[in-house]
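Each remark here refers to the structure printed beneath this line.
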Amino acid sequence: MLNTIANIIVGIVAVLHIWFLVLEMFLWTKPIGLKIFKQTLERAKSSEVLASNQGLYNGFLAAGLIWSIFEPSPAISFQFKLFFLVCVSIAGIFGAFTVNRRVLYVQALPAFFGLAIVGLT
């Protein structure tokens, strides 16, 4: 039961990172991207390549989290969950200090919660 809850939380974190990928790679200069990231079209266009690169990294995090859910070996699955959730947590903390405090709540907090639940399994 606890493992199922952990997988659900890890899945939610993965879905968030897929959404971040979409935002940063495909919607960065679109109205929704401009609104979410509170920037002008001019500024978004000048940082579009960097945002796309950042989105790709979020996709890798999502892929690792999804892999951890479907990994058949419980020991390896556990290690993958810990590794990728720690990566997300560190990225969230760094983003909170360098970009916006909101990143701590949107990215790091779900990962912290996931780490707590995974740690109990």
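The values are calculated or read from the model by the stated rules, or taken from the named source; none is laboratory data. Computed from a prediction, not measured in an experiment: that's the story for all the values here. Ideal geometry is used to build each Cβ from the backbone, glycine not excepted, and the neighbour counts take in all protein chains shown. Just so you know, the surface numbers come from the protein's heavy atoms only, side chains and all, with ligands and any DNA or RNA stripped out. Shrake-Rupley method; radii C 1.70, N 1.55, O 1.52, S 1.80 Å.
Quick one: angle between helix 109-120 and the longest Cα principal axis of the chain, in degrees between 0 and 90, rounded to 10, please.
Compared with the principal axis, the helix lies near 10 degrees.
Given 37 °C and 0.692 mPa s, how large is the Stokes-Einstein diffusion coefficient of segment 50-121 in µm²/s, with Rh as the Kirkwood radius over Cα pairs?
261
At most 10 other Cβ atoms within 10 Å and a DSSP loop assignment: could you name the trypsin sites (Lys or Arg not before Pro) in segment 1-83 that fit?
Filter output for segment 1-83: Lys38.
Specify the inter-centroid distance of segment 91-117 and segment 13-59, based on alpha-carbon positions, in whole Å.
Between the Cα centre of segment 91-117 and that of segment 13-59, the gap is 17 Å.
Ratio to report: Rg/Rh of the chain, with Cα atoms as the point set and Rh obtained by the Kirkwood method; give two decimals. Walk me through the intermediate numbers first.
Details: Rg = 15.2 Å, Rh = 14.7 Å.
Looking at the chain, the ratio lands at 1.03.
Answer with one residue from Tyr57, Trp67, Met1: the one whose Cα lies farthest towards the positive end of the charge dipole of segment 1-83, charges on Cβ with Lys, Arg +1 and Asp, Glu -1.
Highest projection toward the positive end goes to Tyr57.
Quick one: pull the percent of accessible area on the chain belonging to carbon and sulfur, 1.4 Å probe, ligands and nucleic acids left out.
Details: 5470 of 7420 Å².
That share works out to 74 percent.
Keeping every protein chain present and rolling a 1.4 Å probe, give me the accessible area per residue for the chain in Å². It would help to have the intermediate numbers written out before the result.
Numbers: 7420 Å² over 121 residues.
About 61 Å² of surface per residue is accessible.
In percent, how large is the relative contact order of the chain, given Cα pairs closer than 8 Å and 6 or more residues apart?
Details: 137 pairs, mean separation 37.9, N = 121.
Worked out over the chain, it gives 31 percent.
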